[in-house]
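Written out below as structure tokens is the structure these notes cover.
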Amino acid sequence: MSALSDQLVTFAILAYLVAMISHAVEYALGNARKVPAAAPARELVGAGAGGPGGTVEEPAAPAATRPDRSAARAALAGRIAAWITVLAAALHLGAVVTRGIAAERMPWGNMYEFVLTVTWIGAAAWLAVLWKQPSLRRLGLFLTLVMVLLLAFAELKLYVQVVPLMPALQSYWFIIHVSTIIFASGIFLLGVVPAVAYLMRSGWEQGKRSFPYTLARRLPAAAGLERLTFTLHAFAFPIFTFAVIAGAIWAEAAWGRAWGWDPKETWAFISWVVYAGYLHARATPSVKRNVATWIAVVGFLTMLMNLFGVNFFFTGLHSYAGVN
């Protein structure tokens, strides 16, 4: 099962890559353009029955329009990308499930398994958003790019063989705490995609034509991206809050203290403060949407620091990453 999981991860990465290329094709072909069809020639008609035989010109009908072929091709590439993303997410889920079967536990015991599950949550959440709002499909280019990068990094740098769960993690709080952290992290992962897209699109709509704003020329309207950013973060934040509280309760049971400013705990608290700051700024009319969205981006950077930086550069009671 472990070997099958590894193979499924590889196939999932390849599928996300193909989906990303298809999204790039859709993005490159751009919005539909209307090409004027040939206007019908003016016709000479009689002035009237029994008239003197004079003729008048009948005005030609307005020129018809037809969609440019590139627009149809773009739509087809987008639909293909969406279906390949569904396939990639199915392969991804298979990799997570088979990893858990091989380990005979929930597959969250080390950093590799954590990233594997968080990215699947992000992909599944994206498909749910896409099903509800198909007009946001072009965000898939950036989402699949994130999937490819994170999964490839996990495979190359974080991979470890399946091992039993270490004694310190053998508790029912492991499922409660880690599952909620994973779920919230996956939604935050998805949330940063429209946040960055909004910052670029907002700049484009304000007339900025330098890089990276040019990347946003064919993105959905900034207002919709900003609303999606807020919705995702407002949904994930209470779950993240519960996860932090559950972690403190588990720490009290395991180590005899609820909070000890361990590096992982400290950065979790920093992330919580930053995301709370984002939601407060978003609810404050005097704070510009751009400023609030930048706070959300900073919040995700603190999450990355907690996931990667703490595990690579610090040592503490949460050193379960499985990497040196």
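Remarks
- Number of positions in segment 219-245 that are small (Gly, Ala, Ser), without any contact (Cβ under 8 Å) to a residue 40 or more places away in the chain and either more than 19 Å from Met200 (Cβ to Cβ) or not in a helix (DSSP H, G or I) (or both): 1
- Residues of segment 134-179 satisfying the condition of being among the polar types (S, T, N, Q) and either farther than 28 Å from Arg227 by Cα or surrounded by 14 or more Cβ atoms within 10 Å (Cβ to Cβ) (or both): Thr144, Gln161, Gln170, Ser171, Ser179
- Any chance Trp131 is modelled with pLDDT of 95 or more, surrounded by fewer than 16 Cβ atoms within 10 Å (Cβ to Cβ) and either within 30 Å of Ala254 (Cα to Cα) or among the hydrophobic types (A, V, I, L, M, F, W, C) (or both): yes
- Condition check for Trp108: surrounded by 16 or more Cβ atoms within 10 Å (Cβ to Cβ), touching a helix residue (DSSP H, G or I) at 6+ places or on another chain (Cβ under 7 Å) and at pLDDT below 95: yes
- Of everything listed in (1) modelled with pLDDT under 95; (2) surrounded by fewer than 16 Cβ atoms within 10 Å (Cβ to Cβ), the single unmet condition for Lys264 is (2).
- Residues in segment 180-214 that are surrounded by fewer than 17 Cβ atoms within 10 Å (Cβ to Cβ) and closer than 22 Å to Phe300 by Cα: Pro212 only.
- Qualifying residue in segment 308-319 (condition: of a type in the set (Val, Ile, Thr), more than 30 Å from Leu130 (Cβ to Cβ), over 21 Å from the mean Cα position of the chain (by Cα) and surrounded by 16 or more Cβ atoms within 10 Å (Cβ to Cβ)): yes
Quick grid of which residues meet (1) under 22 Å from the mean Cα position of the chain (by Cα); (2) closer than 25 Å to Gly309 by Cβ; (3) β-branched (Val, Ile, Thr):
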site: Ser185; (1), (2), (3): yes, yes, no
site: Thr214; (1), (2), (3): yes, no, yes
site: Phe230; (1), (2), (3): yes, no, no
site: Glu265; (1), (2), (3): no, yes, no
site: Gly277; (1), (2), (3): yes, yes, no
site: Ala296; (1), (2), (3): yes, yes, no
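The values are calculated or read from the model by the stated rules, or taken from the named source; none is laboratory data. As the structure is a computational prediction, the values presented were derived from the model and not from experiment. Quick reminder, even Gly has a Cβ in these numbers, built from the backbone with ideal geometry, and neighbours come from all protein chains shown.
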